[in-house]
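Data first, discussion second: the structure below is written as structure tokens.
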Amino acid sequence: MGARLRERDADPGRLAAADVHRQHLRAHLRGARLRRRPGVPAAPRLHRVARVPRGVGGAGLRRLADRDRGRHLPPGADVRQHRGGAPAPPGHRDLAAADQLRRVERAGRADGDRARPERAGAPQAAGVRVTTGTGMPAAGVRVRIAPSPTGYMHVGTARTALFNWLFARQQGGAFVLRVEDTDRTRLVPDAIDDLMAGLRWLGIAPDEGPGIGGDAGPYLQSERLAIYRPYAERLVAEGHAYRCFCSADRLRGVREARQSAGQKIGYDRHCRDLPPEAGARRAAAGEPHVVRLKMPLAGAATLHDVLRGAIVFDVAEIEDVVLVKTDGFPTYHFAVVVDDHLMGITHVLRADEWIPSAPIQLQLYACFGWDEPVWAHLPLVLNPDGGGKMSKRKTVGPDGRPLEQMTLVREYRAAGYLPEAMFNFLARLGWSYSGAEEVFSRAQAIERFRVEDVKPSPAAWNPEKLDWLNGVYIRGLEPDDLAARLAPFFERAGLAADLARLRAVVPLIQPRIETLADAPGLVDFLWADAVAPALEELVPKGLDAASTAGLLAAAEATLGALAAWDHAAIDAALRALAAERGLKAGVAFQPIRLAIAGRSVAPPLFETLEVLGRDATLARLAAARARLAAQP
RNA sequence: GCCCCCAUCGUCUAGGGGACCAGGACAUCACCCUUUCAAGGUGAAGACGGGGGUUCGAAUCCCCCUGGGGGUACCA
């Protein structure tokens, strides 16, 4: 029994219904063996595993294993037995017992975290398939992302993809991309390209998918229409679904009326009891219609979520949703179930927002007699202020100016974020590598990732932390590598970006940029023909125009006479000059910096001069001196 | 409105009945280093939403409230 069941204490009827439903489901699970398409290897299922940490029975087992480490489990021990046929645990009536159960669950979970290696050799209880009790990746895990091509890739999609990828890699399984393009009205033509580009950029490209191939294709739902049809027909034939001929107008009217009357369900099930033959006849005559799921009028549906335990829904509150649209395309609810089943998906790791629709899908699994996948609903990514799903909307920047929150992967890429930094950042949203380490590699993440460790609470996007992380990754790059990555950003800024020049500039900027796009603005003066510092800035406090001009002239002479043009020599010469004139370094170098860079904030002076070259340096010093001299 | 999810510093998180007057990271502030700006170093400030239970003991388990979020389509 899952955690949440206890919350239903007040409603024994509902609870009983939940039990009945679960028994139903179990009967299905036992009876109906997974029918697999030829060519799709039977995947060992892991769902007991994932559920064990939350299920009381499983937790009990684990706790047993913990306490009597090394002792073998009773051969007959079966998680399903524990969670299933048994009467409702005392927790339903008795708070103290419930408390006890909670503790057991926690213990189980903690045990799962720590005791893995120790438990490696322990034989598994019958019927319990544990992920990696042997330390070996369990083969056959198949996960997927199922985005719809209605826009460019969102960072939330990227995060979901990342967690799926991580899990697949860690389990030695397959990561599948299935494109849910069943809404023909919202298609964006290059959305799929953008998605693939984003996934590749992040280094989490799918193993199977459109344009990639695989045994479970096609991976575009629009190419699977013929596949869905018989399943829809089967549901209708078996009385699990019905044809609905209601017009959009009627539906709208009904929904409004019912909503204002406080009814829970928007559709009045007008066509639900139409005789099937009549429906078939009208359909055959070409009358436009949809196919709706005949949702049970009462009962409970239980979603077993890896992160949240059991979530019980009252099915009476769920509408007879449309399964097949008038245009013959399946809706999400229908296609997702058929495809996940046909594609052998073992674990569904998807966003939180799908929880409310889960009972519909559960119902479909039950109707078809198919084994459910393991469910894990991942927390949403929220706006930086925590106010709602991350979306493109106006916020106020640090400078008080209106700013648009970036939400697209391509935007972050264009803004000069490194894919490895983005990967790291995304992984840290809702999951932590450890209590202390913020920066970790892909390999490390793969090694440690566990779905159960994902936090169930939503996480706000933290732009400052992303910037910092990106800076960390930039500083960690080999200079040649950084130069190469910088090239397109310099080009975009209109600065001729030959690699040798960039390579020379890298040391000036590497510790000073947070994004690749920051770079050109830091050193663009090196590309300029001349710079024009503000005269009043050129003269430091404590000096006047004449003495500043004198200083610049001296610098010009000193540097012009320098034997070697490198920063060490420049350093020595300029320091000597400052000392000679009785000036502190900070005072003496600032006018030179202004003369050279045209501004007071710039990369370190000597290295900059070295890159600028002697001729340009002398010319700029002379120009600044001339301007000072022209002062009244 | 109804249904569902969630709840530790501003943010991301560690924590899973005693090891916690709660640890780390970003951001903030101060100091050090320093030719400016960074980077780096050191330090400071900063949280268990509230109320009830359970318990010898609660950030941790339970309930309620509050708050936040999601869903409520012939969208996904």
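The values are calculated or read from the model by the stated rules, or taken from the named source; none is laboratory data. No experiment lies behind these values; they were computed from the predicted model shown. Ideal geometry is used to build each Cβ from the backbone, glycine not excepted, and the neighbour counts take in all protein chains shown.
A compact table of results
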item	result
Of all residues in region A:575-610 being among the charged types (D, E, K, R) and more than 19 Å from A:GLY550 (Cβ to Cβ), the one that is nearest to RNA strand B (Cβ to nearest atom)	A:GLU607
Which listed residue is more than 30 Å from A:LEU378 (Cα to Cα) and at pLDDT 95 or above, from A:ALA496, A:ALA519	A:ALA519
Conditions (1) outside any helix (DSSP H, G or I); (2) over 47 Å from the mean Cα position of the chain (by Cα); (3) more than 16 Å from RNA strand B (Cβ to nearest atom); number of the one not met by A:ALA528	(2)
Answer residue from region A:502-525, given it is among the charged types (D, E, K, R) and free of Cβ contacts under 8 Å to residues at least 40 places away in the same chain and is farthest from RNA strand B (Cβ to nearest atom) among those	A:ARG503
Residue identified as buried (at least 19 other Cβ atoms within 10 Å of the Cβ), in contact with a strand residue (DSSP E or B) (Cβ under 8 Å, 6 or more places away or on another chain) and of a type outside the set (Lys, Arg) among A:VAL505, A:VAL523, A:VAL454	A:VAL454
Residue among A:ALA351, A:ALA366, A:ALA376 that alone is modelled with pLDDT of 90 or more and near RNA strand B (Cβ under 10 Å from one of its atoms)	A:ALA351
Any hit, region A:479-495, residues being assigned to a helix (DSSP H, G or I), at negative phi and either within 17 Å of the chain's Cα centre (by Cα) or near RNA strand B (Cβ under 9 Å from one of its atoms) (or both)	no
Candidate set from region A:482-501 (those that are of a type in the set (Gly, Ala, Ser) and without any contact (Cβ under 8 Å) to a residue 12 or more places away in the chain); member that is farthest from A:ARG627 (Cα to Cα)	A:ALA500
Region A:583-623: number of residues that are at positive phi and surrounded by fewer than 18 Cβ atoms within 10 Å (Cβ to Cβ)	1
Of all residues in region A:152-189 being of a type outside the set (A, V, I, L, M) and in a strand (DSSP E or B), the one that is farthest from RNA strand B (Cβ to nearest atom)	A:PHE175
Test set (1) modelled with pLDDT of 95 or more; (2) at positive phi; (3) charged (D, E, K, R) - A:ARG269 fails condition number	(1)
Every pair of residues 6+ apart whose Cβ atoms lie under 6 Å, when the first sits in region A:294-317 and is more than 25 Å from A:PRO456 (Cα to Cα) while the second is assigned to a loop (DSSP other than H, G, I, E, B)	A:LYS294/A:HIS240; A:MET295/A:ILE318; A:MET295/A:ASP320; A:ALA316/A:ALA298
Residue that is nearest to the chain's Cα centre (by Cα) [pool: residues in region A:233-266 that are in a helix (DSSP H, G or I) and modelled with pLDDT of 95 or more]	A:LEU235
Positions within region A:581-632 being in a helix (DSSP H, G or I), without any contact (Cβ under 8 Å) to a residue 12 or more places away in the chain and either among the acidic types (Asp, Glu) or under 27 Å from A:ILE513 (Cβ atoms) (or both), in sequence order	A:ALA585, A:GLY586, A:ASP615, A:ALA616
Lone unmet requirement of (1) in contact (Cβ under 8 Å) with a residue 60 or more places away in the chain; (2) within 50 Å of the chain's Cα centre (by Cα); (3) more than 20 Å from A:VAL506 (Cα to Cα) for A:LEU552	(2)
Whichever residue in region A:287-312 is assigned to a strand (DSSP E or B) and within 16 Å of A:TYR242 (Cα to Cα) and, among such residues, is farthest from RNA strand B (Cβ to nearest atom)	A:LEU293
Identity of the residue in region A:313-339, closer than 30 Å to A:LEU429 by Cβ and part of a helix (DSSP H, G or I), that ends up farthest from RNA strand B (Cβ to nearest atom)	A:VAL337
Answer from A:PRO230, A:PRO288 - the residue that is more than 38 Å from the chain's Cα centre (by Cα), exposed (fewer than 14 other Cβ atoms within 10 Å of the Cβ), under 20 Å from A:PHE334 (Cα atoms) and at pLDDT 95 or above	A:PRO288
Long-range neighbours under 6 Å by Cβ, at least six apart or interchain, first residue under 18 Å from A:GLY388 (Cα atoms) and of a type in the set (A, V, I, L, M, F, W, C) within region A:343-355, second assigned to a strand (DSSP E or B) and within 13 Å of RNA strand B (Cβ to nearest atom)	A:ALA351/A:LEU378; A:ILE355/A:HIS377
The lone exception for A:LYS541 - which of (1) within 14 Å of RNA strand B (Cβ to nearest atom); (2) touching a Lys or Arg at 6+ places or on another chain (Cβ under 6 Å); (3) in a loop (DSSP other than H, G, I, E, B) it fails	(2)
Number of the exception - A:ASP215 against (1) modelled with pLDDT of 95 or more; (2) acidic (Asp, Glu); (3) in a loop (DSSP other than H, G, I, E, B)	(1)
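Condition check ((1) touching a Lys or Arg at 6+ places or on another chain (Cβ under 6 Å); (2) surrounded by 18 or more Cβ atoms within 10 Å (Cβ to Cβ); (3) under 20 Å from A:LEU162 (Cα atoms)) across all residues:
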residue	(1), (2), (3)
A:ASP314	no, no, no
A:VAL324	no, yes, no
A:PRO330	no, yes, no
A:PHE334	no, yes, no
A:VAL337	no, yes, no
A:TYR365	no, yes, no
A:PRO373	no, yes, yes
A:ALA376	no, yes, yes
A:GLY386	no, no, no
